[in-house]
1. Principal axis extents for the chain, Cα atoms only, whole Å, descending order, please.
2. Among 564-572, 294-302, what's the highest-first ranking by average C-beta atoms within 10 angstrom per residue?
3. Calculate, axis by axis, the spread of Cα positions in the range 522-610 along the three principal axes, and write the results as whole Å, longest axis first.
4. Rounded to the nearest 0.05, what FRET efficiency do Ser530 and Thr277 have when you use their Cβ-Cβ distance and R0 = 35 Å?
5. Would you mind telling me the share, in percent, of accessible area of the range 248-369 contributed by carbon and sulfur at probe 1.4 angstrom?
6. Sorted by mean Cβ packing within 10 Å, highest first, what order do the peptides 313-321, 122-130 take?
7. Along the Cα→Cβ direction, 7 angstrom out, place labels at Ala558 and Arg538. What is the inter-label distance in nm?
8. Ignoring everything except DSSP H segments at least 4 long, calculate the 222 nm mean residue ellipticity for the chain; use -39,500 (n - 2.57) per segment, divide by total residues, nearest 500.
Amino acid sequence: MCGIIGIVGKKPVAPLLLDGLKRLEYRGYDSAGIATLVNGNIDRRRAEGRLANLATLLEGKPIAGTIGIGHTRWATHGVPSEKNAHPHATGKVAVVHNGIIENFQELRDELAAHGNKFETETDTEVVVHLVTRYLNDGLPPKEAVAATLQRLQGAFALVLIFSGHHDLMIGARLGSPLAIGYGDGEMYFGSDALALAPLTQRICYLEEGDWAVVSDRQATIYDTAGQTVDRRVVETALSGAMIGKGNYRHFMLKEIFEQPTVIGDTMHAVLNPAERTITLPKLPIDLATVPRVSISACGTAYYAGLVGKYWIERLARVPVEIDVASEFRYRNMPMVEGGLALFISQSGETMDTLSALRYARDQKQHIVSVVNVPESTIARESHGVLRTLAGPEIGVASTKAFTTQLTVLAAFAIAFGRARGTLPAAAAADLTGALAEVPSRTAEVLARAADIAKIAEQLVEARDVLYLGRGTSFPIALEGALKLKEISYIHAEGYAAGEMKHGPIALIDEAVPVIVIAPGNDPLFEKTASNVQEVIARGGRVIFISDADGIGRLERQAKPAATIEMPRVDPFVAPILYSIPVQLLAYHTAVLKGTDVDQPRNLAKSVTVE
């Protein structure tokens with residue numbers, strides 16, 4: 001996850017910017033930089049690698065100025081390098097950016113046709129060129145930014161400074177978090193309140209689509225329609241955990257809402273949206289020669305692996321076995337020579353998964369791990385690592401770690417299929433394009449969180465809840481049931497929808513809510529719809545999660561108790577997107593029941609014992 005800090009101050013800001021970036025190091029980064037105004041002109045210092053490199057550069061080449069922006073970057077568009085590091089700038093404006101500009105290629109082509117010269121490989125550079133073009137057309141900075149925001153598509157946070165304007169900074173958010181800090185004659189922007197912790201206790205969190213014009217004493221906030229709005233300024237305890245929660249009641253909710261950002265960060269570490277291709281990090285094996293894949297994981301990570309099994313078998317045409325890690329090595333299974341063993345863990349320290357890894361290594365397998373912590377034991381003991389860039393996940397019930405695991409596995413399956421020649425280039429490009437849209441579609445789902453919270457009221461009094469899905473929706477049904485069990489303590493089970501008539505249908509009555517996951521354009525939709533009719537015919541209360549087309553088709557046959565309308569996406573990426581409403585249903589049900597959402601009883605975040 002990239003990090004942002006901005007300061008409109010009274011004293012030299014370079015040391016404060018550097019300190020703020022240090023507090024954001026936990027998010028992960030591969031380059032860093034700052035920009036300030038010196039005598040009305042933009043001055044920058046950028047360095048590849050650790051913040052120590054930037055600090056050393058600043059010692060040798062100090063930078064003055066009382067207004068400035070800083071950034072830690074995790075490479076998405078373009079390799080880690082000083083050239084691609086933020087801030088990006090022209091002579092008139094400098095910007096730092098978190099997230100993805102989805103339509104950057106279209107904008108880049110348009111700007112290039114007008115004579116703009118691009119120096120980097122990043123999507124961010126189109127922002128500075130677009131703002132500069134509007135400034136050259138005579139618009140003031142505020143209007144130039146407003147016009148630019150109307151052109152941008154994606155999930156992003158932006159902070160900009162302008163040459164000749166020592167008392168002006170503008171920030172905007174769409175799908176990526178951004179906060180304003182209020183000081184004594186100073187004002188701040190931060191992607192994370194931790195960056196602002198020593199500077200101020202007064203924080204305002206911008207809401208979706210907000211943008212703000214900041215001087216040294218005030219902030220004027222606008223909504224997407226350009227109307228001024230009031231946003232609550234809250235007092236924070238500088239050293240307390242509440243800083244990390246921002247405006248959210250629980251870490252879990254905060255982490256659910258971080259998903260557009262972290263999915264984008266994870267995806268764009270391996271995805272080139274301009275060419276619609278996937279480039280994996282170096283792995284210890286030629287994927288074209290892999291005879292068999294074995295996946296092992298625990299809990300939520302296991303369900304991510306189950307979706308991965310569907311994807312890999314479908315796209316790469318390689319047989320995949322998947323095991324709960326705690327059972328894997330005790331089967332004493334023979335493993336095919338030259339096989340690939342894939343292990344999934346948020347923490348990289350899960351003991352059952354680590355033990356399974358060591359068994360597979362002893363069986364001469366090629367070991368690849370999907371982990372969120374690159375320094376973890378599982379990562380260190382693997383031959384290759386596929387990183388998830390979820391950042392710290394505090395809530396015990398996994399949310400953003402799960403969707404970033406799915407994102408990595410989707411990219412891996414596409415690359416696997418291309419390496420084996422089983423996935424044509426055109427089909428791979430289509431799937432990669434669908435994957436690139438997920439962050440913004442995720443933000444659309446989160447915009448409906450209030451509606452999902454109302455539906456959760458139907459679950460509060462339930463003693464049992466069933467989740468149904470087919471194909472890749474089946475693991476999401478399993479994950480939805482696990483989430484509800486973990487944090488609300490309601491008994492819930494996930495089933496393959498086709499298995500209902502083989503036993504579970506005996507449980508159906510009006511007291512048992514049935515949550516059905518069924519994208520309308522999924523090839524198995526009609527079969528799932530038939531199962532739903534069977535449930536409704538027996539008095540079951542169905543909560544149906546689908547797109548508008550799917551909901552309309554079902555309602556012509558049977559009437560569910562409630563529906564959650566999803567954006568229409570390619571069925572390939574639907575498991576990532578459809579994870580969001582089941583997370584929100586579990587969260588809001590738990591809140592209504594008054595349970596300890598972030599630290600549910602008997603559970604720990606990282607299970608390091610067998």
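1. 76, 52, 49
2. Final packing ranking: 294-302, 564-572.
3. So the three principal-axis extents are 48, 32, 25 Å.
4. So, using R0 = 35 Å, E works out to roughly 0.35.
5. Here carbon and sulfur together make up 48 percent of the probe-accessible area.
6. Per-residue mean Cβ counts within 10 Å order the peptides as 122-130, 313-321.
7. In this crude label model, Ala558 to Arg538 measures out at 1.0 nm.
8. Helices in the chain give a 222 nm mean residue ellipticity of -11000 deg cm²/dmol.
The values are calculated or read from the model by the stated rules, or taken from the named source; none is laboratory data. Quick caveat: nothing in here was measured; it's all calculated off a predicted structure. FYI the Cβ positions are ideal-geometry reconstructions off the backbone, even for glycines, and counts take in every protein chain you see. All accessible areas refer to the heavy atoms of the entire protein, side chains included, with ligands and DNA or RNA removed. Shrake-Rupley method; radii C 1.70, N 1.55, O 1.52, S 1.80 Å.
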